[in-house]
Amino acid sequence: MRRVQVAGTAAVTALAAGTAAALAAGAPAAAIAVAVVLVTALAAFWFVRNRVRAWTYTEREDDLIVARGVMVRRLSVVPYGRMQFVDVTAGPVERAFRLATVKLHTAAAASDARIPGLEREEAARLRDRLAALGEAKAAGL
Amino acid sequence: MTGQPGEVPGDPGEVPGDPGKVPGQWHRLHPLSPLVRSGRAAVGVLAIVGISASGQFGRSGSHLFDWVLAALVVIAAVVNWLVTRWELDGATLRIETGLLRRDSRQLPVARIQAVDVVRPFLARALGLAELRVRLAGSSHADGRLAYLPEQAALDLRARLLAAHHGLDPATPEPGERILASVPNGRLVGSVLASGASLLIALLVAELVVILVFPGVLAATGSTFLVFLVTLVPMVWRRLATEYGFTLAQSPDGIRIRRGLLGTVAETIPLRRVQAVRMVEPVLWRPLGWCRLEIDVAGSPGRDHADGSGRMRKTLLPVGHREPAWQLMRLVIGADPPPLSPPPRRARRKAPLSYHFLAAGHDETSAMGVTGRLRKVTTWVPLEKVQSVRMVTGPVQRALSLATVHVDAAGRRVRAEFRDRPGGEAGQLAEELAALCRGARRRAAQPGASPAPAIPAQGRLPDADAARSPASRPGQRR
């Protein structure tokens with residue numbers, strides 16, 4: 001759950017882009033632009049931080065619980081036996097911070113069990129554990 | 001897809017086959033199938049040839065080209081026929097096709113979700129039929145045999161289903177009991193009363209307007225045409241695919257037969273049903289009509305013109321509510337759970353749908369009612385549940401409400417417990433997860449025996465017997 005770092009980079013890049021745009025225009029315009037970008041970045045940072053803090057998962061004996069969302073709270077209970085396959089993905093930004101996203105797929109398209117921003121080792125551990133549990137408790141359609 | 005080890009039926013080696021159907025022997029499709037398969041393409045090419053022959057475009061050069069094209073289409077179809085073969089070897093149906101890229105497909109009979117026998121108009125005229133074997137997973141995994149002689153297709157279906165249920169494939173197709181058939185008059189009435197036809201009425205009104213004030217023709221004429229072009233085929237399609245609808249029950253599953261020009265016969269093993277849905281459009285409700293749909297696992301895939309590509313199958317295109325409830329009970333194999341409406345404060349969050357909202361569950365199934373104008377009742381057996389989700393939106397949180405979704409396999413297959421009281425919803429999600437676990441275990445136990453038994457004779461479950469999970473028709477998992 002270390003998306004804060006990702007949020008940080010997002011803010012920094014936004015800031016850099018803002019200043020670059022401001023340099024092209026006049027001095028007073030630049031000040032306003034920088035201020036606006038700063039405020040937006042801070043707001044985004046705050047928002048993302050809350051989002052990350054709200055994102056939790058619990059491994060239970062028979063199912064995995066993933067809870068997320070600040071404005072709209074979502075909680076998914078996915079039994080291991082229903083798991084079809086596990087995805088581990090890592091985008092360029094995630095890779096830079098040695099993070100990965102684990103996604104659990106079931107036969108229902110709506111089952112929404114995605115856990116982003118896991119450390120790579122944790123992601124691998126979770127993947128292996130889920131795969132093993134899925135194998136052990138597999139149930140047909 | 002993960003399967004039960006117990007689902008794999010008996011020994012593949014010891015299958016006694018009737019003459020000409022020796023296991024392990026490869027079969028060809030019917031020699032006329034290239035003709036039927038390329039039927040549409042050929043008609044298209046002939047049309048092009050006809051146009052150019054009428055002298056609209058180029059005199060001699062393109063003429064030859066068209067004939068070459070037509071010949072190529074026919075040759076391609078014949079080659080396709082030559083390189084396609086299939087065999088049923090005990091527990092697996094093998095289909096091989098492709099000249100350059102050889103495609104060999106193994107369809108484990110135990111994984112069958114549904115078997116369809118499809119007869120498009122041209123094939124029907126020639127006494128041919130296509131057999132489609134649906135598995136869960138992508139539509140690429142489906143097995144299609146186009147075309148077989150009609151009787152051979154029916155025989156193969158019987159063998160596949162017998163093998164699917166762990167019986168000797170030579171078992172003759174069990175008898176069936178007609179559960180419902182839809183009078184064609186009622187079907188026409190239902191299509192007329194559906195929303196699409198209402199739009200047509202609007203268009204007719206528009207036509208009248210145009211006739212009265214010819215000046216506005218330019219403005220509305222084109223939209224009128226566009227609507228007409230899209231709507232007429234829609235109505236036609238519903239009529240043509242659901243004409244002569246008959247629903248029957250047999251020990252190997254539910255059988256659906258329908259179709260006007262081309263006919264479709266679908267067989268769905270009962271334990272493959274993921275969810276049942278009752279839809280009551282606003283215009284049907286005064287007539288007491290409803291529509292039943294069932295969901296089968298698998299990708300929705302390409303929608304075939306005959307409506308058989310969908311994994312959402314129509315169980316009853318139109319019928320009265322009481323018999324429809326009987327059918328739903330039969331398919332789920334239990335009584336509907338008691339429903340309760342959400343608290344009154346939910347009216348403020350969902351003013352337009354509050355009058356329908358209700359949901360409930362018991363040990364074996366969950367049911368949710370939603371909809372604003374169209375009332376949609378979804379019933380999901382708990383052993384089919386893939387995940388349980390609780391969603392709380394900002395407005396819901398302010399009112400201390402939450403929605404619990406019970407997802408079954410498929411794209412939007414779920415029962416929704418909408419706008420339940422906040423604290424209760426959390427418990428509900430927890431309880432449902434636990435109940436699903438229990439239901440799965442119960443469903444898995446009979447599957448441990450090598451050959452899952454099927455009920456000798458299908459019957460409508462009566463109220464008290466249906467409650468206990470042991471008395472369900474067919475063990476679903």
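The values are calculated or read from the model by the stated rules, or taken from the named source; none is laboratory data. Every value quoted in this text rests on a predicted model; they were computed, and no experiment measured them. Here the Cβ positions follow ideal geometry from the backbone for every residue, glycine too, while neighbour counts run over all protein chains shown.
For residue B:384, the requirement of being within 26 Å of residue B:179 (Cβ to Cβ), touching a strand residue (DSSP E or B) at 6+ places or on another chain (Cβ under 6 Å), of a type in the set (Lys, Arg) and within 14 Å of chain A (Cβ to nearest Cβ) is met.
Checking each residue in segment B:81-139 for being more than 14 Å from chain A (Cβ to nearest Cβ) and assigned to a loop (DSSP other than H, G, I, E, B) picks out B:84, B:90, B:91, B:98, B:99, B:100, B:101, B:102, B:120, B:126, B:127. Each residue in segment A:79-88 was checked for being within 14 Å of another protein chain (Cβ to nearest Cβ) and outside any helix (DSSP H, G or I), and 5 pass. In segment A:89-100, the residue that is farthest from the other protein chains (Cβ to nearest Cβ) out of those that are part of a strand (DSSP E or B) and crowded, with 17+ Cβ neighbours inside 10 Å is A:99. Taking segment A:61-78 on its own, how many of its residues are surrounded by fewer than 20 Cβ atoms within 10 Å (Cβ to Cβ), facing chain B (nearest Cβ under 8 Å) and among the aliphatic types (A, V, I, L, M)? Here the count works out to 2. Pairs meeting the criteria (first residue in segment B:196-207 and among the charged types (D, E, K, R), second residue modelled with pLDDT under 75, beta carbons under 8 Å, at least 6 apart or on different chains) are B:206/B:220; B:206/B:224. The set of residues in segment A:96-128 that are at pLDDT below 85 and charged (D, E, K, R) contains only A:112. Taken as a whole, the structure places residue B:265 among residues that are part of a strand (DSSP E or B), at pLDDT 85 or above, over 30 Å from residue B:210 (Cβ atoms) and within 12 Å of the chain's Cα centre (by Cα). Scanning segment B:392-411 for residues that are in a helix (DSSP H, G or I) and at the interface with chain A (Cβ under 8 Å from one of its Cβ atoms) yields a count of 2.
Selection of segment A:45-59 for residues being surrounded by 18 or more Cβ atoms within 10 Å (Cβ to Cβ) and of a type in the set (Ser, Thr, Tyr) yields only A:57.
The residues on offer are B:78, B:74, B:68, and the sole one that is more than 34 Å from the chain's Cα centre (by Cα), surrounded by fewer than 17 Cβ atoms within 10 Å (Cβ to Cβ), modelled with pLDDT of 75 or more and not in a loop (DSSP other than H, G, I, E, B) is B:68. Residue A:49 meets the conditions (1) within 14 Å of chain B (Cβ to nearest Cβ); (2) modelled with pLDDT under 85 in every case but one. The failed one is (1). Tell me whether segment A:131-139 contains one or more residues that are modelled with pLDDT of 85 or more, surrounded by fewer than 22 Cβ atoms within 10 Å (Cβ to Cβ) and of a type outside the set (A, V, I, L, M). No, because not a single residue in segment A:131-139 is modelled with pLDDT of 85 or more, surrounded by fewer than 22 Cβ atoms within 10 Å (Cβ to Cβ) and of a type outside the set (A, V, I, L, M). All of (1) outside any strand (DSSP E or B); (2) among the aliphatic types (A, V, I, L, M); (3) under 29 Å from the mean Cα position of the chain (by Cα) hold for residue B:425 with one exception: (3). Residues in segment A:105-131 that are within 9 Å of another protein chain (Cβ to nearest Cβ) and either without any contact (Cβ under 8 Å) to a residue 24 or more places away in the chain or of a type outside the set (S, T, N, Q) (or both): A:107, A:108, A:109, A:110, A:112, A:113. Taking the listed residues B:201, B:162, B:125, the one that is among the small types (Gly, Ala, Ser) and crowded, with 20+ Cβ neighbours inside 10 Å is B:162, with no other qualifying. Per the conditions (1) within 28 Å of residue B:281 (Cα to Cα); (2) of a type outside the set (Phe, Trp, Tyr); (3) more than 27 Å from the chain's Cα centre (by Cα); (4) at pLDDT below 70, the sole criterion not satisfied by residue B:205 is (4). Scanning segment B:428-437 for residues that are within 11 Å of chain A (Cβ to nearest Cβ) and under 28 Å from the mean Cα position of the chain (by Cα) yields B:432, B:433, B:436, B:437. The sole residue among B:312, B:414, B:374 that is surrounded by fewer than 24 Cβ atoms within 10 Å (Cβ to Cβ), out of contact with any helix residue (DSSP H, G or I) (no Cβ under 8 Å at 6 or more places or on another chain), within 14 Å of another protein chain (Cβ to nearest Cβ) and at pLDDT below 90 is B:312.
Based on what the data block shows, is residue B:275 surrounded by 23 or more Cβ atoms within 10 Å (Cβ to Cβ), touching a strand residue (DSSP E or B) at 6+ places or on another chain (Cβ under 6 Å) and either in contact (Cβ under 8 Å) with a residue 12 or more places away in the chain or assigned to a strand (DSSP E or B) (or both)? In short, yes.
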